[in-house]
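Everything on this sheet refers to the single structure shown next.
Computed from the coordinates by the stated procedures, all read-outs in this text should not be read as laboratory data. The structure displayed is predicted, hence computed values, not measured ones. Every residue, glycine as well, gets a Cβ built from its backbone with ideal geometry; the counts of neighbours run over all protein chains shown.
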Amino acid sequence: MKIAKIGLMILILAASAQAQTMDLGLGAFANESGAILVAVDASLVNLDRTNPFVMFVAFFAAPDTGRSVTVAAKDVVMVYKGQEYRMPSVKELRSEYRGVIRDINFYQRLGKEGLASSWIRFYKFPERSNFFPPPTMDAPLAAADGFMSGHIGFMTPLYFKNPGFAKGDRLLIKVRDAKDPGVTSECDVVLN
């Protein structure tokens, strides 16, 4: 009987930990219970899992309007099958992958209705600054840090080397504040 109670407690704790991330539909997921609000759109990865680098689109914001958060590109990681994957540098991505403009164009045509039903609708996301701007003549320089304060969030593509994703795979996007490493958040993503 004691083993059954312990098993039940473990299941309850696992379910509550998983409940932090909401499935918004259309490949979008959001977590608004952490120290940093995080939403991840995996719709492009769901569309094409064969690219050597995969693009997620992430939305970050400070949950308290009186507080600011700074997220460095080096502080965003993907955890897949127990292994942490760091994002490549802009130079590495551009030398090894030529699909950034195609990815941005495809993503602009995908539905984002799921994202609109989350906390994102209460924030503004200036599009000029991000970690991986497209390699075009009028694109801004890549940002090393994303700044969030008040109702201004940070939206950016996230690129990771493709570890061999399959339908139904589960991964985790983790992020932390560059100024205070104790301020972290994460978002579960399930590929379909």
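Using the number of other C-beta atoms within 10 angstrom as an exposure proxy, rank Leu158, Leu37, Leu26 with the fewest first.
On the way: Leu158 22, Leu37 25, Leu26 16.
Going from sparsest to densest Cβ surroundings: Leu26, Leu158, Leu37.
Relative to the longest principal Cα axis of the chain, at what angle does helix 2-18 sit, 0 to 90 degrees, rounded to 10?
Orientation of helix 2-18: about 20 degrees from the principal axis.
Within region 159-182, list the residues whose amide N lies under 13 Å from a label point set 7 Å along Cα→Cβ of Arg49.
Counting backbone N atoms under 13 Å from the label point, the list is 162-171.
Tell me the relative contact order for region 67-192 as a rounded percent, counting alpha carbon contacts under 8 Å between residues six or more apart. The partial results should precede the final answer.
Details: 184 pairs, mean separation 45.4, N = 126.
Relative contact order here is 36 percent.
Can you classify region 45-135 as rounded, prolate or oblate using the Cα gyration tensor, where a ≥ b ≥ c are the square roots of its eigenvalues, rounded means a/c under 1.5, and otherwise it's prolate if a/b beats b/c and oblate if not?
On the way: a/c = 1.61, a/b = 1.33, b/c = 1.21.
Prolate shape, in that a/c is at least 1.5 and a/b is the bigger ratio.
Between Tyr123, Tyr80, Tyr97, where does the largest GNM mean-square fluctuation fall for the chain, given springs only between Cα atoms within less than 10 Å?
Tyr97
Which order results if Leu115, Leu24 are arranged by neighbouring Cβ count within 10 Å, fewest first? Could the numbers behind the result be given before it?
Working: Leu115 23, Leu24 20.
Ascending number of Cβ neighbours within 10 Å: Leu24, Leu115.
Between helix 100-109 and the chain, what is the angle of the helix's C-alpha long axis to the longest principal axis, kept within 0 to 90° and rounded to the nearest 10?
Helix 100-109 sits roughly 70 degrees off the main axis of the chain.
Once you have the Cα-Cα distance between Lys91 and Leu141, take 0.36 nm times their residue separation minus that, and quote the gain in nm to one decimal. Kindly include the intermediate steps, with their values, before the conclusion.
Details: separation 50, 0.36 × 50 = 18.00 nm, distance 1.17 nm.
Fully extending the segment from Lys91 to Leu141 adds 16.8 nm.
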